[in-house]
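Just so it is clear, none of the values below were taken in a lab; they were calculated from the coordinates. All of these numbers come straight from a predicted model, not from anything done at the bench. Don't worry about glycine lacking a Cβ; one is built from the backbone with ideal geometry, like all the others, and counts go over all protein chains shown.
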Amino acid sequence: MIEVKDLQKTYTGKVPVHALKGVSFDIPSGQFVALMGPSGSGKSTLLHQLALLDTPTSGGILLDGVDILSLSQHAATDFRLRHMGYVFQEYALIPELNAIENAFLPLMLLGIHRKEYIRIAGDLMDKVGLSDRLHHLISELSGGEQQRVAIARALVNKSKILFADEPCANLDTENKGIVLRLLRKLCNELGQTILMVTHEPEQREFADRVLWLRDGRLEKEEYISKDTQEEALHNGYRTDISSDPDYLKDD
Amino acid sequence: MRNMWNDFQSSLFLFYKYVTRGNKVTLTLTILMATLAFIQINIVHGILSGAVNLIYSQTKSNYVGNIVIQPGKDQWGNKEQYITQVERLKRKINAIPGIIGCSARYSTGAIIEYDPDKTGKDIRSISWPVKSINPQDEMRISELHNCMLAGQYLDESDRDQVIMGREVSGGYGASLEVQSLKGVNIGDEVTVFYHNGVVRKYTVKGIYATVFPLADMTIFVTQKEMESVLGLRDRASEIIIRTDEAYPEAYYIEDLRKAGVELQDIRPWQDFIGLVLGIVQSFDIIKKIILFIGLIVAGVTIFIVIFIATISRRKQIGIMKAIGMKESIIVTSYILLALFYATIGISLGMAIIEFILKPYFIAHPLVFPMGKVSLLIVRSEFLTSIASMIAVSIVAGLIPSWQVSRENIIKAIWG
């Protein structure tokens, strides 16, 4: 359970930028939430605060009752390692490591025995459909495959919450479908809490709930029906889904 | 403790992957630079140490031995002119374990004249000390008998013959022309005006060259001849002692004192190389400069490589931190990488020095004014260069990786 209370973020400078102007919401465990909004609405800023990659100006974030903003830098690093997974927009893998090495890296950092972390990462790589690419270097994988490795890495520590920052931004339609279906399945089968930033309205059909942001504020919420999700899962990623044109406009 | 070990293992894992899967050209060139820097430091040190060692060795072999006994002071505190009861003293000295031999010498000031065409029109004259030796004793403490450039070494019975260093003769490749007889040859006659008024004519029996200028500026007559000139017996101006060098000179000096050599002034060879000490000190300064430059070259090279590696991996480092990797793990992995560059560079440098450069310099020594110099790797200097290279590489790895790893995660990822 994530509880976000009156979260504010102001970037100081010559002209202060109020990226988040008091955002509050709760996310129950096992929910797949899409964060949407036009560019500059504060989606990524919000994700960074929730994932402890940045420090908000004020407000509070509780994860399963733990006030994660009170953690020291060192403790925050450890908290990210133990309880959070993060999928970046641009694959963000370590090129010197092969696929499974990238995937098991968090487990190695946790001090888990080698045999065990290879087994766990291997299982996850199988789940993301890459059991035949374990020892391939990152440069030998397609964009979609790289993103699936990133997802495996984000989940390998049995994270309480998976943050995904526009995970399909650089993927072709086919790979977008693969990644979104994978996230949906992870939510369905593993009860994984997922918070995904996207600017493509079509992708919201894979989520349970959509939080629409505008000008640093939560403007509205939308719940996606099970039928729509099933249809999205069944049909894969489609580009002909109607979108809300108002929210696609840049500020 | 377990966490620290696990963190170190993670750093080791990353470092291993950087090396095995990183850019091989960068790896090779960086190691090459570290190797060259290490060789440069040690080759210059080796040559200068070799030169210093040669000077020391020449000083001991051809100039003052290991220990010099000089006259002590009389009851009024004035320095005596001669050591007395020399034969008794020599027996005491030779009985001490570790003493190879000793030789008593007289030394007196004199003017030496050389009239090459015996017409009195071109008399060449110099003021130079004349020393006496017992040829047999001298053979045990110096290499003089092996350094004859022309003619022969003195015999004990020689009375009207001298041997002289090539710097006195002024020929045979002498380098100090100003204070010489400008071309004395074997068989030529020289006249010696001793300070006590005695004048003797001698035939030049031999010209020697130890290649050590200080030793090549002396004229020797036999002990018997000098005692006849000075009208003395069983005395000496100095006694030169050679030891087996198993211990420092101070050890043998202590033994000499215990053996009853109490009244005389006993000094180690180091006290007689004032002229040379300036050279040695200059060499030490050069060594320090070379060490400093070599370390800067190696350090800056490694720094640049690590700096570029970390800057080009800024985003990657940000991502590693985002997934929960501690800064210390990242920094340690780059320090290990820098240490790897330095260690391989040092190892290759050591192998090149040991198996290529040392044999080369033994086969083709450098010709210095004081003799032939080959590489002398002094253990303490060698270890200092290794330790310094390692220390510099740690700093060169630490600073750039620490700077980049401390950067805000978002900034590192998004630039």
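Distance between the C-alpha centers of region B:172-232 and region B:355-415? Whole Å please.
A separation of 51 Å, based on Cα centres.
How long are the semi-axes of the equivalent ellipsoid of region A:2-241, defined as square roots of 5 times the Cα gyration tensor eigenvalues? Whole Å, largest first.
One finds semi-axes of 28, 23, 16 Å for region A:2-241.
Could you calculate the contour length gain from residue B:124 to residue B:175, that is, 0.36 nm times the residue separation minus the distance between their Cα atoms, to one decimal place in nm?
Taking residue B:124 through residue B:175 to full extension adds about 16.6 nm, to one decimal.
Which FRET efficiency, nearest 0.05, do residue A:15 and residue B:279 yield, Cβ-Cβ r, R0 41 Å?
0.05
Grab region B:129-266 and count how many Lys pairs have their alpha-carbon atoms under 28 Å apart, sequence gap of 8 or more, or different chains.
Eligible lysine pairs with Cα atoms under 28 Å apart amount to 8.
If you scale each eigenvalue of the Cα gyration tensor by 5 and take the root, what three semi-axes come out for chain B, rounded to whole angstrom and sorted largest first?
Equivalent-ellipsoid dimensions as semi-axes: 65, 24, 16 Å.
Quick check on packing: order B:59-67, B:364-372 by the mean number of other C-beta atoms within 10 Å, highest mean leading.
B:59-67, B:364-372
Using Stokes-Einstein with the Kirkwood hydrodynamic radius over Cα pairs, what translational diffusion coefficient do you get for region B:67-269 at 20 °C and a viscosity of 1.002 mPa s, in µm²/s rounded to a whole number?
121
Which helices pass in chain A if a helix is a full DSSP H run, must span at least 24 angstrom along its long axis by Cα, and must have mean Kyte-Doolittle hydropathy not below -1.0?
Sorted by number, the helices that extend far enough and score high enough are A:173-190.
For region B:149-305, what does the relative contact order come out to in percent, with C-alpha contacts under 8 Å and a separation of six or more?
Relative contact order for region B:149-305 comes out at 21 percent.
Return the Rg/Rh ratio of region B:104-180 with Cα-based radii and a Kirkwood Rh.
Rg divided by Rh gives 0.98.
Measure of size requested: the Rg and Dmax of the protein assembly as shown, with Cα atoms as the atom set and Å as the unit; please supply both.
Taking only Cα atoms of the protein assembly as shown, I get Rg and Dmax of 43.1, 133 Å.
Using +1 at the C-beta of Lys and Arg and -1 at the C-beta of Asp and Glu, which of A:187, A:50, A:225 has the Cα lying farthest in the positive direction of the dipole of region A:2-241?
Of the listed residues, the answer is A:50.
Please sort B:341-348, A:161-168, B:226-233, A:76-83 by packing, taking for each peptide the average over its residues of neighbouring beta carbons within 10 angstrom, highest first.
The peptides rank, most packed first, as A:161-168, B:341-348, A:76-83, B:226-233.
Name the helices (complete DSSP H segments) of chain B with a Cα length along the long axis of 20 Å or more and a Kyte-Doolittle mean of at least 1.0, or state none.
The answer, listed by residue number, is B:274-312, B:327-352, B:379-405.
For region B:21-67, what is the largest minus smallest coordinate of the Cα atoms on each principal axis, given in angstrom and ordered from greatest to least?
62, 12, 9
Given only helices, namely DSSP H runs of n ≥ 4 each adding -39500 (n - 2.57), what is the per-residue ellipticity at 222 nm of the protein assembly as shown, to the nearest 500 deg cm²/dmol?
The helix-only estimate for the protein assembly as shown comes to -14500 deg cm²/dmol at 222 nm.
Could you tell me the calculated FRET efficiency between residue A:26 and residue A:222, based on Cβ-Cβ distance and R0 = 25 angstrom, to the nearest 0.05?
Step by step, r from the Cβ atoms, then E = 0.95.
Using the Cα atoms of region B:273-353 to build a convex hull, what is its mean projected area in square nanometres?
Mean shadow area of the hull around the Cα atoms is 7.5 nm².
For the residue pair residue A:235 and residue B:296, what label-to-label distance in nm results when each label sits 7 Å from Cα along the Cα-to-beta-carbon direction?
7.1
In vacuo Debye scattering of region B:138-180, one point per C-alpha: log10 I(q)/I(0) at q = 0.24, 0.29, 0.32 Å⁻¹?
With no solvent term, the Cα-only Debye profile gives -0.92, -1.07, -1.13.
Rounded to two decimals, what is the ratio between the C-alpha radius of gyration of region B:42-112 and 2.2 N^0.38 Å?
Rg over 2.2 N^0.38 Å, computed on Cα atoms: 1.57.
Percent antiparallel among DSSP beta bridges with both residues in region A:2-241, to the nearest 5?
Rounded to the nearest five, the antiparallel share is 55 percent.
Would you mind calculating the relative contact order of chain B from Cα pairs under 8 angstrom and at least 6 residues apart, reporting the percent as a whole number?
Relative contact order here is 27 percent.
With r defined as the distance between the Cβ atoms of residue B:80 and residue B:140 and R0 fixed at 30 Å, what FRET efficiency is calculated, to the nearest 0.05?
About 0.70, to the nearest 0.05.
Over region B:144-220, one equal point on each Cα, no solvent: what is log10 I(q)/I(0) by the Debye formula at q = 0.23, 0.25 Å⁻¹?
Log10 I(q)/I(0), no solvent term: -1.04, -1.18.
What's the magnitude of the charge dipole for chain B around its Cα centre, counting Lys and Arg as +1 and Asp and Glu as -1 at the beta-carbon? Answer in Debye, nearest 20.
Dipole magnitude for chain B comes out near 2260 debye.
With charges set only on the Cβ (+1 for Lys and Arg, -1 for Asp and Glu), what does the dipole of region A:108-167 come to about its Cα centre, in debye to the nearest 20?
With only Lys, Arg, Asp and Glu charged at Cβ, the dipole is about 320 debye.
Considering only DSSP beta bridges where both residues belong to the protein assembly as shown, give the percentage that are antiparallel (nearest 5).
70
By how many nm would the segment from residue B:315 to residue B:245 grow when fully extended, if each residue of separation counts as 0.36 nm and the alpha-carbon distance is taken off?
Full extension from residue B:315 to residue B:245 adds 18.9 nm.
Report the relative contact order of chain A, percent, no decimals, based on alpha-carbon pairs under 8 angstrom and at least 6 residues apart.
Computed over chain A, the figure is 28 percent.
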